[in-house]
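Here's the structure, in structure tokens; my notes come after.
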Amino acid sequence: MIIDCLYLVAIVFISPKIIYRMVRRGRYRSGWDERLGKIRRRSPEKKCIWIHAVSVGEVNATKSLIPKLKESFGDYEVVISSTTDTGLERAKALYEKNLSVFYFPFDLSCVMRRAFDNIRPGMCLLMELEVWPNLARIANEKKVPVAVVNGRLSDESFPKYRLVKPISRWMFAKVDLVLAQTEEYAARFRLLGCAPEKVIVTNSLKYDTAQITDKVDGADKLAHRLNIAEERLWVAGGTGPGEEKVCLDVFKKLKKQARFADLRLAIVPRKPERFDEVAALVADAGFESVRYSRIKAGQSTSASKPPVILGDTMGDLTKFYSLAKIVFVGRSLVPMGGSDMMESAALGKCTIFGPHTFNFKQTADELLKAGGAVRVNNADELSGTVEKCLTDTTYAVQIAANGREVIKQNQGATDRTVKAITNLLKS
């Protein structure tokens with residue numbers, strides 16, 4: 001009851017922000033039945049494993065897990081929910097043909113109870129951290145095991161949970177299993193109330209989802225559409241506010257040198273609501289550009305070679321990375337925690353990121369320790385590093401090779417995760 005009262009107070013404060021986003025950005029306009037717990041499964045006669053992944057990154061982390069679950073638990077229906085519009089869109093792109101995909105219900109008692117009655121899960125798998133008080137309580141009441149998979153408590157989130165430690169301890173004590181990415185994260189889960197014997201280190205699932213390949217499906221088609229041939233491509237992927245201008249400034253500086261006449265820049269912002277904003281930044285920088293969404297939607301293939309490409313679509317970042325000579329992984333020069341650098345490293349690309357990588361701390365540390373990536377702290381360092389990686393082939397190739405090896409050495413979390421889930425269901 002106290003939790004519900006706190007939720008209602010929070011709703012009062014955040015409702016103006018939600019309304020603004022609905023009106024100005026077109027968000028939160030659909031899925032309200034599901035958010036209120038009215039969820040339908042495809043095969044209600046079967047037992048069910050409910051996976052919740054809050055947004056795009058967590059959804060992507062399920063790519064190796066879900067096939068293994070379906071293989072190991074053929075008598076269970078697997079369903080997946082997501083909180084954000086982009087997360088749901090990604091989940092639908094990956095699974096809609098075969099799985100029930102829906103918005104995560106609000107964690108109010110009445111709503112979550114309705115969701116449990118409709119879904120009737122035999123197990124709840126929460127990707128990375130998504131433990132909610134009423135979900136944990138109702139699952140515990142109904143004797144439905146709850147497991148945190150690919151568990152992570154970042155430097156940013158951990159102090160917030162400690163501020164409300166009584167609630168955190170009460171909530172995490174109801175979790176039956178935590179499969180943590182690192183020993184550091186495991187220790188944090190224990191400090192917040194998880195029973196020590198229920199916390200296991202499995203490493204990150206994202207190592208397993210990263211494609212170790214020299215050829216990505218659809219990359220050749222993307223290259224043809226954008227007229228990418230022998231010229232060098234720098235990809236700035238998963239970028240956040242402020243980073244696109246930095247990359248454009250560096251690019252402008254490089255293009256003044258004859259030796260970089262063939263260089264092109266592809267910018268792929270992390271958030272789709274920023275696509276128009278970034279297009280305006282490119283225009284303000286004075287560059288001719290092409291928006292991939294327009295060509296993908298049916299416009300003629302670009303006959304010219306505009307220096308800047310705006311990757312304003314969802315689900316194509318890996319294809320851009322596969323065509324790159326060097327990659328800057330965004331949301332890392334600004335304090336946003338970083339984007340996934342595993343994809344770039346697994347593809348054997350010379351990978352660069354900024355100092356703010358708390359969302360991928362273990363991976364960033366592993367890559368830097370092995371010489372498999374370069375960390376830059378500001379625009380000047382980014383400029384110097386991009387120039388060095390483009391001109392010193394031996395240096396860039398070695399970074400790329402080291403990075404790919406780090407990904408290879410850290411794979412195997414999926415099998416360890418499925419084994420732990422199997423043991424939990426049997427217990």
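The values are calculated or read from the model by the stated rules, or taken from the named source; none is laboratory data. Treat the numbers as computed from the prediction; the structure is a model and nothing was measured. Cβ atoms come from the backbone with ideal geometry, glycine included; neighbour counts cover every protein chain shown.
Every test in (1) in contact with a helix residue (DSSP H, G or I) (Cβ under 8 Å, 6 or more places away or on another chain); (2) in the same structural domain as ALA61 (by TED's automatic domain parsing); (3) surrounded by 15 or more Cβ atoms within 10 Å (Cβ to Cβ) is passed by THR422 save one, and that test is (3).
When the test is whether a residue is in contact (Cβ under 8 Å) with a residue 24 or more places away in the chain, among the small types (Gly, Ala, Ser) and out of contact with any Lys or Arg (no Cβ under 6 Å at 6 or more places or on another chain), ALA285 passes it.
Mind counting the residues in the stretch 176-191 that are outside any helix (DSSP H, G or I) and surrounded by 21 or more Cβ atoms within 10 Å (Cβ to Cβ)?
Looking only at the stretch 176-191, we keep the residues that are outside any helix (DSSP H, G or I), and these are 176-182.
Filter again for surrounded by 21 or more Cβ atoms within 10 Å (Cβ to Cβ), leaving 177-181.
The qualifying residues number 5.
Would you mind finding the one in ASP249, ASP262, ASP312 that is assigned to a loop (DSSP other than H, G, I, E, B), acidic (Asp, Glu) and under 27 Å from ASP392 (Cβ atoms)?
Numbers: ASP249 fails: assigned to a loop (DSSP other than H, G, I, E, B); ASP312 fails: under 27 Å from ASP392 (Cβ atoms).
One residue alone meets the criteria, ASP262.
Within the stretch 64-95, the set of residues being closer than 14 Å to THR417 by Cβ, surrounded by fewer than 18 Cβ atoms within 10 Å (Cβ to Cβ) and under 21 Å from the mean Cα position of the chain (by Cα) comprises PRO67, LYS68. Within the stretch 229-247, residues that are in the same structural domain as ASP262 (by TED's automatic domain parsing) have Cβ atoms under 9 Å from residues that are part of a helix (DSSP H, G or I) and of a type in the set (Lys, Arg) in these pairs: THR239/ARG274; GLY240/ARG274; PRO241/ARG274; GLU244/ARG274, counting only partners at least 6 apart in sequence or on another chain.
Sort out which residues of the stretch 342-390 are among the hydrophobic types (A, V, I, L, M, F, W, C) and without any contact (Cβ under 8 Å) to a residue 60 or more places away in the chain, and write them in order of number. Break it down stepwise before answering.
To start, the set of residues in the stretch 342-390 that are among the hydrophobic types (A, V, I, L, M, F, W, C) comprises 342, 345-347, 350, 352-353, 358, 360, 364, 367-368, 370, 373-374, 376, 379, 382, 386, 389-390.
Hits for the stretch 342-390 are CYS350, ILE352, PHE353, PHE360, ALA364, LEU367, LEU368, ALA370, ALA373, VAL374, VAL376.
Kindly indicate which of LYS296, LYS319 is over 22 Å from VAL386 (Cα atoms) and surrounded by fewer than 24 Cβ atoms within 10 Å (Cβ to Cβ).
Working: LYS319 fails: over 22 Å from VAL386 (Cα atoms).
Result of the check over LYS296, LYS319: LYS296.
Filter the stretch 43-61 down to residues that are assigned to a loop (DSSP other than H, G, I, E, B) and among the hydrophobic types (A, V, I, L, M, F, W, C), then give me how many there are. Working first, answer last.
Our first condition is that a residue be assigned to a loop (DSSP other than H, G, I, E, B); within the stretch 43-61, this holds for 43-46, 53-55, 61.
Checking the rest, the ones that are also among the hydrophobic types (A, V, I, L, M, F, W, C) come to 53-54, 61.
Residues meeting the conditions: 3.
Of everything in the stretch 111-130, what is touching a helix residue (DSSP H, G or I) at 6+ places or on another chain (Cβ under 9 Å), modelled with pLDDT of 95 or more and not charged (D, E, K, R)? Give them in sequence order. Give the steps one after another, and end with the answer.
From the stretch 111-130, those touching a helix residue (DSSP H, G or I) at 6+ places or on another chain (Cβ under 9 Å) are 111-113, 115-116, 121-130; that's our starting set.
Right, trim to modelled with pLDDT of 95 or more and you get 111-113, 115-116, 121-128.
Once the filter is applied, which keeps residues that are touching a helix residue (DSSP H, G or I) at 6+ places or on another chain (Cβ under 9 Å), modelled with pLDDT of 95 or more and not charged (D, E, K, R), the stretch 111-130 yields VAL111, MET112, ALA115, PHE116, PRO121, GLY122, MET123, CYS124, LEU125, LEU126, MET127.
Taking the stretch 373-427 and the helices (runs of 4 or more DSSP H) fully enclosed by it, the elements with 3 or more residues that are touching a Gly at 6+ places or on another chain (Cβ under 9 Å) are at 393-409. Of the residues making up the stretch 196-250, those that are farther than 15 Å from TYR292 by Cβ and among the basic types (Lys, Arg) are LYS198, LYS206, LYS215, ARG232, LYS245. The strands (runs of 3 or more DSSP E) found entirely in the stretch 89-175 that carry 2 or more residues being within 23 Å of LYS426 (Cβ to Cβ) and not small (Gly, Ala, Ser) are 123-127, 146-151. Checking every residue in the stretch 326-343 against the condition of being assigned to a helix (DSSP H, G or I), under 16 Å from the mean Cα position of the chain (by Cα) and aliphatic (A, V, I, L, M) gives at least one match.
Does PRO44 qualify as being modelled with pLDDT of 95 or more and either closer than 21 Å to VAL146 by Cβ or surrounded by 11 or more Cβ atoms within 10 Å (Cβ to Cβ) (or both)?
On the way: modelled with pLDDT of 95 or more: no; either closer than 21 Å to VAL146 by Cβ or surrounded by 11 or more Cβ atoms within 10 Å (Cβ to Cβ) (or both): yes.
Judged against the criteria, PRO44 is not a match.
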